[in-house]
Amino acid sequence: ILHDISLFAKPGQKIAFVGSTGAGKTTITSLINRFYEIQSGTITYDGIDVRDIQKDSLRRSLGVVLQDTHSYRTVADTSAMAVWTPPTRRWRPRPRLAGADGFIRHLPDGYQTVLTSEGGSLSQGERQLLNIARAACANPPVLILDEATSSIDTRTEKLIEKGMDRLMAGRTVFVIAHRLSTVRNSKAIMVLEQGSIIERGDHEDLLAQHGRYYQLYTGQAELA
């Protein structure tokens, strides 16, 4: 599926993947967290081959937010029970950093609000904010956002962007996105087609190349 892919990311950097469906974006992130095993080549994490890291340990260091949202019995369950600290009986500020604390506190029972099946009592944007807050509460060094804002309205997307910017410090973030507005501030943007990186650079670099990214950003082409 992938051909001659070579890239690296440093702590605190945001790396974005852009491309058509089937270009290989999700495959790359699935290889990082070992949902797929590597058939050739190498992926290293802090200089260690990921095949030498136990899957549970590797995945605990990765926060993953997908396009499809999943909720639990209560808001507190969704945003991870670990955010509640019994000795102080206070909520840790992670949901606030993710932009979710404001709407949570306006729910009928706040963090103890009982959710219907799959969080149906919340909007799609609110459910996604909860899932992002859940990833934030785990406080992982690496975040993977796979189309995390594709089904969210623009206003909620802005909340998520602000929260994610605050969570970026000292953290590596891989972003897969159809909305190019969400990747403009990435350290590097990888444009993929048919399993290969056809362009790479930051937003300004890629616009200056007048290639595939330029066509997508200016509306001359669309992602299939």
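Values as computed for the structure displayed
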| item | result |
| --- | --- |
| Those residues of segment 13-71 which are surrounded by fewer than 19 Cβ atoms within 10 Å (Cβ to Cβ), assigned to a loop (DSSP other than H, G, I, E, B) and of a type in the set (A, V, I, L, M, F, W, C), in sequence order | F35, I38, I43, I53, L66 |
| Those residues of segment 187-206 which are part of a helix (DSSP H, G or I) and either surrounded by 15 or more Cβ atoms within 10 Å (Cβ to Cβ) or touching a Lys or Arg at 6+ places or on another chain (Cβ under 7 Å) (or both), in sequence order | H203, L206 |
| Selection within segment 27-38 - closer than 21 Å to P141 by Cβ and in contact with a Phe, Trp or Tyr (Cβ under 9 Å, 6 or more places away or on another chain) | I28, T29, S30, I32 |
| Restricting segment 88-145 to residues that are open to solvent by less than 10 Å² (accessible area, probe 1.4 Å) and modelled with pLDDT under 65, the residue that is farthest from the chain's Cα centre (by Cα) | G119 |
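The values are calculated or read from the model by the stated rules, or taken from the named source; none is laboratory data. Owing to the predicted nature of the structure, the values given are computational and were not obtained by experimental measurement. Quick reminder, even Gly has a Cβ in these numbers, built from the backbone with ideal geometry, and neighbours come from all protein chains shown. Ligands, DNA and RNA are excluded from the accessible area calculation, which covers all protein heavy atoms including side chains. Shrake-Rupley method; radii C 1.70, N 1.55, O 1.52, S 1.80 Å.
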